[in-house]
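Worksheet: the structure to be examined is printed underneath.
Rule-based calculations on the coordinates, nothing more; no lab input. What you see is a predicted model; the values in this text were computed from it and never measured. Please note: Cβ atoms are built from the backbone with ideal geometry, for glycine as well, and neighbour counts cover all protein chains shown.
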Amino acid sequence: MTAGSSAAAAVGSMPDDERWLVCLDIDGTIMQETGTISDAVSDEIRRLADEGHEVMIATGRSVSMTLPVLERLGLVSDYVVCANGAITLGRDESSPTGYSQVFVEEFDPTDVLTTIRSNLSEGGYAVEDRDGVMRYCGTFPVIEAAGNAQKVDFERLSERPATRVVVVSPDHGTEEFLDVVERMGLSKVNYNVGWTAWLDIAPDGVTKATALERVRDWLDIPRDRVLAAGDGRNDIDMLRWASVEGRGVAMGQAPDDVVEVANEKTGTDLDDGLARALASL
């Protein structure tokens, strides 16, 4: 598949001038913390896809943790954005997973790992490469459970270019962790801190928004027919991007700095806030 082609025909026969690009975060947006996806949310996602809208995922998750969610939703998208924008997948019927990489951005993780470790010596560290292999050291329960994880010495984390670096610090609260990260002065990479004191670091200039703007251009959908929904700090650029001319929807439980960049706010993930927003399309 080549970038810009459409491998999955829409079920509906919606005219191009009515089609929306709908970009959805997973955790805290589609899916609750318990892993539950409500019937109301999945029904609205399927309705929009069946009508012919371009409904897609934009997540910080790795590819291997994203594709099973698409299967649960019964969603076949032309594109999928993973690793906070570093990896964009395109529909590929010749691939065993149904998708292949169409755009990947990487960086050398050596400097950032060295900088972080000097400030957070007890953290858990992981580096994901373009093949989805996650090399980690320290205590990292979520990654340890993944089938594509390899525990290595810290020095081996920099052996390959990275699509993202992940750091957890169980001894810090979220705001304290954010303060530590800000003091590091990580100017050469983009980073986002989650509510669980989880730090995602992407290549410089790479966010969900940069990947989605590329997809929007490939699909030739106007900026004023874009809807993006999310709840975390890694969604800030995406929501700001969507809000310029389209609809940036912050979930009800989102932190204040996330809500501030959106031009809409819906209910929480626990009361089907995403379903409510999607029902308006």
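Structure values in brief
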{"item": "Difference of contour (0.36 nm per residue) and Cα-Cα distance, SER95 to GLU122", "result": "5.7 nm"}
{"item": "Between helix 236-245 and the chain: long-axis angle, C-alpha atoms, 0 to 90°, nearest 10", "result": "30"}
{"item": "Ranked list, fewest to most other Cβ atoms within 10 Å of each Cβ, for GLU122, GLU54", "result": "GLU122, GLU54"}
{"item": "With Cα atoms, 0 to 90° folded angle of helix 208-219 axis to the chain main axis", "result": "30"}
{"item": "Relative compactness, segment 110-202, computed as alpha-carbon Rg over 2.2 N^0.38 Å", "result": "0.99"}
{"item": "C-alpha center-to-center spacing [segment 13-78, segment 130-188] in angstrom", "result": "27"}
{"item": "Principal semi-axes in Å for segment 186-281 [√(5λ), Cα gyration tensor, largest first]", "result": "21, 19, 10"}
{"item": "Principal-axis tilt of helix 110-119 within the chain, Cα atoms, nearest 10 degrees", "result": "70"}
{"item": "Order of THR163, THR66, THR34 under a 10 Å beta carbon neighbour criterion, fewest first", "result": "THR34, THR66, THR163"}
{"item": "Long-range HN-HN contacts of GLU264 with modeled amide H, under 5 Å", "result": "GLY248, ALA250"}
{"item": "DSSP-defined antiparallel bridges as percent of all bridges, segment 151-277, nearest 5", "result": "55"}
{"item": "Of all DSSP beta bridges in the chain, antiparallel share, percent nearest 5", "result": "60"}
{"item": "Relative contact order, percent, segment 110-202 [alpha-carbon distance under 8 Å, six or more residues apart]", "result": "27"}
{"item": "Rg(Cα) / (2.2 N^0.38 Å) computed for the chain, rounded to two decimals", "result": "0.97"}
{"item": "Whole-Hz couplings from phi, Karplus 6.51/-1.76/1.60, listed for segment 33-43; x for Gly and Pro", "result": "4, 6, x, 6, 10, 6, 4, 4, 5, 5, 5"}
{"item": "HN-Hα J in Hz across segment 150-161 - Karplus 6.51, -1.76, 1.60, θ = phi - 60°, x for Gly and Pro", "result": "10, 7, 9, 5, 3, 4, 7, 5, 9, 5, 10, x"}
{"item": "Full-stretch length increase - GLU33, THR174 - with 0.36 nm per residue and alpha-carbon distance subtracted", "result": "49.1 nm"}
